[in-house]
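In what follows, a structure is listed as structure tokens, so that the remarks can point back to it.
Nothing in this text is a laboratory measurement; each read-out follows from the coordinates by a stated rule. Predicted model, so just to flag it, every value in this text is computed and none were measured. Note that each Cβ is placed from the backbone with ideal geometry, even for glycine, and that neighbours are counted across all protein chains shown.
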Amino acid sequence: MSPPDRPPIAGRDSSPLNRRSALPLWAQLVDDLQRNLAAGTYASGFPSELELASEYQVSRYTVREALRRLRETGILESSRGRTTKVRHGRIEQSLGALYSLFSEVEARGMEQRSEVLALEEEQDPEVAAALWLPAETPLLHLVRLRLADNEPLALDRTWLPAHLTAGLRDADLSHTGLYDELSARCGIRITGGREVLSAVVPSRADRTLLQLPRSTAALSIQRTGCLEGRPVEWRWTLIRGDRFSVSAEWSRRTGYRLGGSATAPASKTVSGVAEPST
């Protein structure tokens, strides 16, 4: 049984928590841990529940509640049987810019790696229609699990016209960007397109691949990539909500505009909700 919350023990430094405050102890602990995290106090490793209970002179119940709140915000990561870790490197992407997830990860000094789960030719009438192609057109279907600093970040599914992308079959897509390989091997350089972002409830299989905690949301990004106005890529990516966010800049003079939603191919849905892309 966890010891009850108690006043400071004689001879030890006082706890930074104020037991006379109307703010619950767990909330004060959250605030103090966040200050320490921002200061880099736990760079060499995050303390255990017992260590925090001793340091702050509170019960393990109070510690667990504070850690639960920090996990919900995505600051900490832990699971049964594993030590608590600080989650670093949340990726922020500006709206209104053509970007490569590979480049965004690398630009933040994080190690980028992809596990290629599928690279095969198939027919998909709905995707073909989105690419302005006949229903029977062969498509190259690429499925990758994207990792940043060796932790799952996104599940990426991409369809491209097979007759334009034969050179990709020999590419090592585990440590390079798809757009770089499209340019070098196929002479295709994506010049623009359209994305639709939405929150989704991922399937159990996708949640398992992403090692996504049950309380963590996911972001769906559906992308149509174009070459001089003609669609040549349809991508559907599911990104961990605790590792990725989008931002927009605005001003009184220019403001900013968010576009309307688009309908995804019906077969590319999970739990009745369209899933994502990057």
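Placing R0 at 35 angstrom, the Cβ-Cβ distance between residue 136 and residue 204 gives a FRET efficiency of 0.60 after rounding to 0.05. Mean separation of Cα pairs under 8 Å and 6 or more residues apart, divided by the residue count, gives segment 25-86 a relative contact order of 37 percent. Estimated from the Cβ-Cβ distance and a Förster radius of 41 angstrom, the FRET efficiency linking residue 120 and residue 64 is about 0.35. A Förster radius of 41 Å, combined with the Cβ-Cβ distance separating residue 211 from residue 21, puts the computed FRET efficiency at roughly 0.65.
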